[in-house]
Amino acid sequence: MEFLKKATKSTEQNSQEARDVVLKVLADIKEGREEAVRELARKFDKWEGDFVLSEEKKKKLIDSVPERVKQDLQFAHKQVSTFARAQRESLKEFETEVTPGIRLGQKIIPMDVAGCYVPGGRFAHACSAIMSVATAKAAGVPFVIAATPPRGDSIDPAVCYAMEISGADIILEMGGIQAIATMAYGLFTGKPANILVGPGNAFVAEAKAVLNGTGHCGIDVFAGPTESGIIADETADPMTVAIDLVSQAEHGYNSPVWLFTTSRELGEKVAELMPKLCQDMPNPDVPATAWADYGEIILCEDREEAARVSDLYAPEHIQVMAKDLDWWTHRLRCYGSMFLGEGSTVPQGDKCSGTNHILPTKKAGYFSGGLNVHKFLKICTYQEISKEANDIISPVASRLSRVEGMEGHARACDWRLTKFFPEREWDFHVYRHPKY
């Protein structure tokens, strides 16, 4: 492969500074509980009010949302929740009997409490609220807490409405590390979350990772800066490719966008268009910096090499504007979500197509997909072994226990053989492995 444009910076940054801050703040909250959270909210958000959004205030916020916005959010909710319910229905409980008398089964148990974080900052992430809360509800989670930073004297009205129609049971006007810790520890709600989901800044991501690592709760993915890749051949339109790259570069100064192409002509044309399109944006500094520092155009020999390179990068989003879309659908293996053909663009998935936009970054696509109903479900198993089936299974389990040197395990099986089949004589020493 050949770089027609190469990034000058890498998103692989040392997060130790953020981790140190998070560890200190979490320790303070664990010790000081609600009062520590109040102090952090005063310090970072200038917030003195209640954290749990009241019904009265929620109604005022929702009443201020324009009807057109409500209709669009309702459409997004319908798309996301319908797809999520289809995901839920694809996973089944079942029972099977591999050997007569040995009944095995699978149970699907929703989490008791989900904590959904909706970021603030430069944007009002109303669609992100739908992605997390509606998906949790489709999974069957009975209690969902949603948290988002206040903007002035309240959270954003559209975000509030999105949380409401998605089924949030409690809405917290709170952001940052303190919101993540509050949901994990059950502060102000008495409902500790089993799982924390949703994107956020580096401190939010680190807080989720720390709490997951210490066993407080599960998380969806470790979310880094937004990434987007496009695979394009000679049939693609350079302007469409460039516009879509800019659309994702506006996420932030450190949001990488990549073009993997088999056409030198297309790659060179996109490189020519990108600076102009960035400057045409309302806030040109953000996409222009992201493109200059992190953008890449990689020329590949053929489509097989383009697929290999894309899988190596494992983009959060991958668009394909090339011939034979079915080939790419079956060939690509490492990505968060795929967008096939010129009619599909990442903003559609980010907002309202129906698939989830909370996706793996930093090459986590090697081993994980994005947020989905399965993240909110525990797949638990059970078994019932009849007395008669112990004649088959207990001798095997006993021998294997002794192979592993676990005498107590073996004796639990031996006891059942003597209890259920008292008329038979058992020589358990023959089961012992010579090593033991």
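The values are calculated or read from the model by the stated rules, or taken from the named source; none is laboratory data. Everything quoted here is computed from the prediction, not taken from an experiment. FYI the Cβ positions are ideal-geometry reconstructions off the backbone, even for glycines, and counts take in every protein chain you see. Protein only, heavy atoms only, side chains kept; ligands, DNA and RNA dropped before computing areas. Shrake-Rupley method; radii C 1.70, N 1.55, O 1.52, S 1.80 Å.
Annotation for region 55-101: trypsin sites (Lys or Arg not before Pro) lying in DSSP loop with at most 15 further Cβ atoms inside 10 Å of their Cβ are Lys92. Starting from the Cα gyration tensor of region 1-142, take the square roots of the eigenvalues, sort them a ≥ b ≥ c, and report rounded, prolate or oblate (rounded when a/c is under 1.5, otherwise prolate if a/b is larger than b/c, else oblate). Rounded, because the longest to shortest axis ratio a/c is under 1.5.
Rounded to whole numbers, the Karplus 3J(HN,Hα) couplings from phi for region 320-328 are 10, 10, 7, 5, 6, 4, 4, 4, 5 Hz, using 6.51 cos²θ - 1.76 cosθ + 1.60 with θ = phi - 60°, and x at Gly and Pro. Using a probe of 1.4 Å on the protein chains alone, the accessible area found for Thr381 is around 120 Å². Charge dipole of region 268-346 (Cα centre as origin; +1 on each Lys and Arg Cβ, -1 on each Asp and Glu Cβ, all else neutral): 180 debye, rounded to the nearest 20.
With the charge dipole of region 58-106 set up from +1 on Lys and Arg Cβ and -1 on Asp and Glu Cβ about the Cα centre, the Cα lying farthest toward the positive end among the listed residues Ile62, Thr99, Thr82 is that of Ile62.
Viscosity 1.002 mPa s, temperature 20 °C: what is the translational diffusion coefficient of region 258-388 from Stokes-Einstein with a Kirkwood Rh over Cα pairs, rounded to a whole number of µm²/s? It comes out at roughly 125 µm²/s.
For the chain, the longest principal axis of the C-alpha atoms and the axis of helix 264-279 are separated by about 70°.
When the alpha carbon gyration tensor of the chain is reduced to an equivalent ellipsoid, the three semi-axes, largest first, read 45, 32, 21 Å. From its DSSP helices (H runs of at least four residues, each -39,500 (n - 2.57)), the chain gives a residue-normalised ellipticity at 222 nm of -14000 deg cm²/dmol.
Basic side chains Lys and Arg get +1 at the Cβ, acidic Asp and Glu get -1 at the Cβ, and with that the dipole of the chain about its Cα centre reaches some 1180 debye. Do the alpha carbons of any pairs in Lys24/Lys137; Lys269/Lys323; Lys137/Lys191; Lys323/Lys375; Lys92/Lys375; Lys24/Lys57 sit beyond 23 Å of each other, and which pairs? Over 23 Å Cα-Cα: Lys24/Lys137; Lys323/Lys375; Lys24/Lys57. Separation of region 72-86 from region 90-169 is 13 Å, based on Cα centroids. Within the assembled protein chains, the solvent-accessible surface assigned to His374 is about 80 Å², based on a 1.4 Å probe. Of the accessible area of the chain, computed with a 1.4 Å probe over protein heavy atoms only, carbon and sulfur atoms account for 53 percent.
Surface analysis of the chain yields an accessible area of 48 Å² per residue, using protein heavy atoms and a 1.4 Å probe.
Ordered by solvent-accessible area of protein heavy atoms (1.4 Å probe), largest first, the residues Ile243, Ile145 come out as Ile243, Ile145.
For region 337-426, the gyration tensor built on C-alpha atoms gives a prolate shape. Its axis ratio a/c (a ≥ b ≥ c) is at least 1.5, and a/b is the larger of a/b and b/c.
Quick one: dipole size for region 71-200, taken about the Cα centre, charges +1 on Lys/Arg Cβ and -1 on Asp/Glu Cβ, in debye to the nearest 20.
200 debye
Per-residue surface analysis assigns Arg151 an accessible area of about 100 Å², computed on protein heavy atoms at 1.4 Å probe radius. Close amide H contacts of Gly229 (hydrogens built in the peptide plane, cut-off under 5 Å, sequence separation of 5 or more or a different chain): Trp258, His317, Ile318, Gln319.
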